[in-house]
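Reading through the structure tokens given below for one structure.
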Amino acid sequence: MRRPLRSSKAARFFKPGEGIQVGRHTVNAAYFQAWKIPLLRGRAFTERDDENAPLVVVINESAAKALWPGEDALGKRMKLARLGPAWAEVVGIVGDVKHDGLQLDSQPHLYTSNLQVPWPVLRITVRSSLDAAAVAAAVRGVVQSLDPLQPVSDVKTMETVMADANAGRQLSLVLFSLFAVIALLLACIGIYGVTAYSVSRRTRELGIRMALGAQSRDVSGLVIRQGMTPVLTGVVMGLSAAFFLTRLMSSLLFRVSTNDPLTFAGIATLLVAIALLACWRSGAAGDAG
């Protein structure tokens, strides 16, 4: 069981003549291990990074690219607003974490040791295989033994945190999915009905063709070919429009492409199959007539 501490505050890194806004988080030595944030280069914090040691920071990959593009950020020094004149040395680079929201691109963030930059309000993260209620009770007991006046509030599992963060997005996706199913159903009914009706109006023409010696397969082929031409044209135009319009949904998705080839292929195949069925049945009815 590991209990990393964390607090957050906006920080500003100053380069000559400009400032770059980054997220700042005060954490302890076990934070990266407990959250399974990969250490890309350098080292994480240790218990030796206290108030008597030189000020050090760990930055994420986005911060390294933004602050020192094309350079190795390890060993670089920076000054942080509101932390006095002391210089902080970059001792580690970790992977990006979605601190700002799943729908946003990763932003620059840096981490300071809670032993060097203490913060009055801390969050305790506990990774355990035990029941959540038992872990919460154990944490409360430890905190109370250290300081009976220290409150422990807002205890949540990571599943609850993720559900709260995605509640609005999930509702939007459910509504989008419902409307998409209705639209697909209406499209299938519309394609079948329009195709069947257009062919049924040619029943007399098809009868004359057969009376003049046309074979059933020739009539069926003609009906399918002429009926499928506008359908295929519409499918191509619809896929092209969907390819560009689905980009508007990118803010609702996380690690899912808005242009999923299987989805596009499946919907197009379904619509073509419905139209083909309508042409075939109408053509067969025309032959029988």
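Any read-out appearing in this document is the output of simple, stated calculations on the displayed coordinates, not a laboratory observation. Note that the coordinates shown come from a computational prediction; the quantities given were computed from them, not determined experimentally. Note that we place each Cβ from the backbone using ideal geometry, even for glycine, and neighbour counts take in every protein chain shown.
Just to be sure I follow: if Rg is taken over the C-alpha atoms of segment 82-123 and Rh is the Kirkwood radius over the same atoms, what is Rg/Rh?
With Rh from the inverse mean 1/r over Cα pairs, Rg/Rh is 1.01.
So for segment 5-124, if I pair up every lysine 8 or more residues apart or on another chain, how many of those pairs have alpha-carbons under 21 Å apart?
10
5 Å is the cut-off here: which amide hydrogens, built 1.01 Å from N in the peptide plane, fall below it relative to residue 41, excluding neighbours closer than 5 in sequence?
Counting only residues 5 or more places away or on other chains, the set is 93.
For segment 152-227, go through all pairs of different Cα atoms, get the mean of 1/r, take its inverse, and jot down that Kirkwood value in Å.
Result for segment 152-227, one decimal place: 17.2 Å.
For a quick check of your reading of the filter: which trypsin sites (Lys or Arg not before Pro) in segment 16-66 sit in a DSSP loop and have no more than 11 other Cβ atoms within 10 Å?
36, 48
What Kirkwood Rh does segment 5-124 have if only Cα atoms enter the pairwise 1/r average? Answer in Å.
In segment 5-124 this quantity evaluates to 14.3 Å.
Given labels modelled 7 Å from the Cα in the Cβ direction, how far is it in nm from residue 169 to residue 263?
Modelled inter-label distance: 1.4 nm.
Determine the distance separating the Cα centre of segment 188-213 from the Cα centre of segment 42-63; give it in Å without decimals.
77 Å
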